[in-house]
Amino acid sequence: MEFEKSKLIELKEKFDSIINIEEKENIEFWYARDLQIQLGYKRWENFFETIKKAMQSCESAGIPVKNHFREVTKMINLAKGAKRPIQDYMITRYACYLIAQNGDSKKEEIAFAQTYFAVLTRKQEIIEDRIRLMNRLEAREKLKESEKQLSKNIYERGVDDLGFARIRSKGDSALFGGLNTMQMKAKYGVKEKRPLADFLPTLTIAAKNLATEMTNYNVTEKDMYGEESITEEHVDNNLSVRNMLDKRGIKPENLKPAEDLKKLERRVKSESKKIANNKLPKNESN
């Protein structure tokens, strides 16, 4: 999900506003009821289901749930000075991260929270950089799925794995101004056995995905068979996408390579382990 600069600042300020600090041990923590509001959940009952899923994820990762989720009771004010106890939870950054991961990422608050709680710093530029990287990772996953579907589609239409590789390479050649997959790998310094897409910038990944989705659609709709006709279709779609980019002054083959996505994935996992080490304070704060 793409965010405008102003929206990023607005969301960051909202999430910053609900941080609590346990002064004795200088530990950050959050209250689930506060997080519920910022994540756009109207009913506690619905949000509590997400909390339970997050607890299960924590347990599945072999991390003690009690280190990150602590049930507490809050008193809320009612009419005429009356008060009523309600259920709440003290939660760590890692718990907030798991809750966001188990929420609906189509909601912009949750999409932002998935990154906000995944990094140990609250600096705006770090959050923005992480979101850009995660957008690229998401785009890569979409391309994997569309290429997987294309491979399945054309296999059913008389094209084997080698034929699929040829079709994809000729599509790349159309997209990259005559440079095929191996030539683009050489230009980017990518090892022969590594996928080119793991080193492409987000824009190029999205362009490849669009062309592949168009091929998938037309192969099915036009009931195409054989490598020759499907190759022609895929080349045409990549040329169409290239022409669209060219009109905006963008030549995919001239864009700089991006960070290896495998390294990005390892960094994401490493960061998750780091935030899991930050536990709740020993003394409860209600």
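Values in this text are rule-based calculations from the coordinates and carry no lab data. If you're wondering where the values come from, they're calculated on a predicted model, not measured in any experiment. Heads up, the Cβs are rebuilt from the backbone with ideal geometry, glycines too, and the neighbour counts pull from every protein chain shown.
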Q. Summing Lys, Arg as +1 and Asp, Glu as -1, what charge do residues with Cβ under 11 Å from the Cβ of Ile86 carry, Ile86 excluded?
A. +3
**Q.** Violating pairs (Cα-Cα greater than 30 angstrom) within the set Lys52/Lys274; Lys152/Lys185; Lys5/Lys74; Lys12/Lys247; Lys247/Lys269
**A.** Lys5/Lys74; Lys12/Lys247; Lys247/Lys269
Q | Sorted by Cβ density within 10 Å, fewest first, the residues Met244, Met55 | A | Met244, Met55
Q: Starting from the Cα of Lys142, draw a straight line to each of the aspartates and glutamates and keep only those under 12 Å, dropping any in the same chain fewer than 8 residues away.
A: Glu213
Q) Going by how many other beta carbons lie within 10 Å of each one, how would you line up Cys58, Cys96, fewest first? A) Cys58, Cys96
Q: For the range 235-286, state which trypsin sites (Lys or Arg not before Pro) are in a DSSP loop and have at most 12 other beta carbons lying within 10 Å of their beta carbon.
A: Arg248, Lys282
(Q) Could you give each residue of the range 255-267 its phi-based ³J(HN,Hα) in whole Hz, using Karplus coefficients 6.51, -1.76, 1.60 with θ = phi - 60°, and x for Gly or Pro? (A) 6, 5, x, 9, 4, 4, 5, 5, 5, 4, 4, 5, 5
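Using the 10 angstrom Cβ neighbour count as an exposure proxy, how do Leu78, Leu210 rank, fewest first?
Working: Leu78 9, Leu210 18.
By the 10 Å Cβ count, ascending: Leu78, Leu210.
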Q) So which trypsin sites (Lys or Arg not before Pro) in the range 181-226 end up in coil per DSSP with only 16 or fewer other C-beta atoms within 10 Å? A) Lys191, Lys193, Lys222
Q. Taking amide H positions as placed 1.01 Å from N in the peptide plane, with prolines and chain starts having none, which residues 5 or more places from Val72, or on another chain, fall under 5 Å of its amide H?
A. Asp88, Tyr89, Met90
Q: Taking the chain as the reference, fit the longest principal axis to its C-alpha atoms, fit the long axis of helix 161-175 to the helix C-alpha atoms, and give the angle between the two in degrees, 0 to 90, nearest 10.
A: 90 degrees
Q. So what J values fall out for the range 110-118 if you push phi through Karplus, 6.51 cos²θ - 1.76 cosθ + 1.60 with θ = phi - 60°, rounded to Hz, Gly and Pro as x?
A. 6, 4, 5, 4, 4, 8, 3, 8, 7
Q | Karplus-derived 3J(HN,Hα), 6.51/-1.76/1.60, for each residue of the range 7-15, Hz, glycine and proline x | A | 5, 4, 5, 4, 5, 4, 4, 5, 6
Q: Taking the Cα centre of the range 132-255 as origin, work out the dipole magnitude from +1 charges on Lys and Arg Cβ and -1 charges on Asp and Glu Cβ, in debye rounded to 20.
A: 740 debye
Q) Could you state the number of Å between the C-alpha centres of the range 1-54 and the range 187-229? A) 38 Å
(Q) With angles folded into 0 to 90 degrees, how steeply does helix 44-60 sit against the dominant principal axis of the chain? Use alpha carbons for both and round to 10. (A) 70 degrees
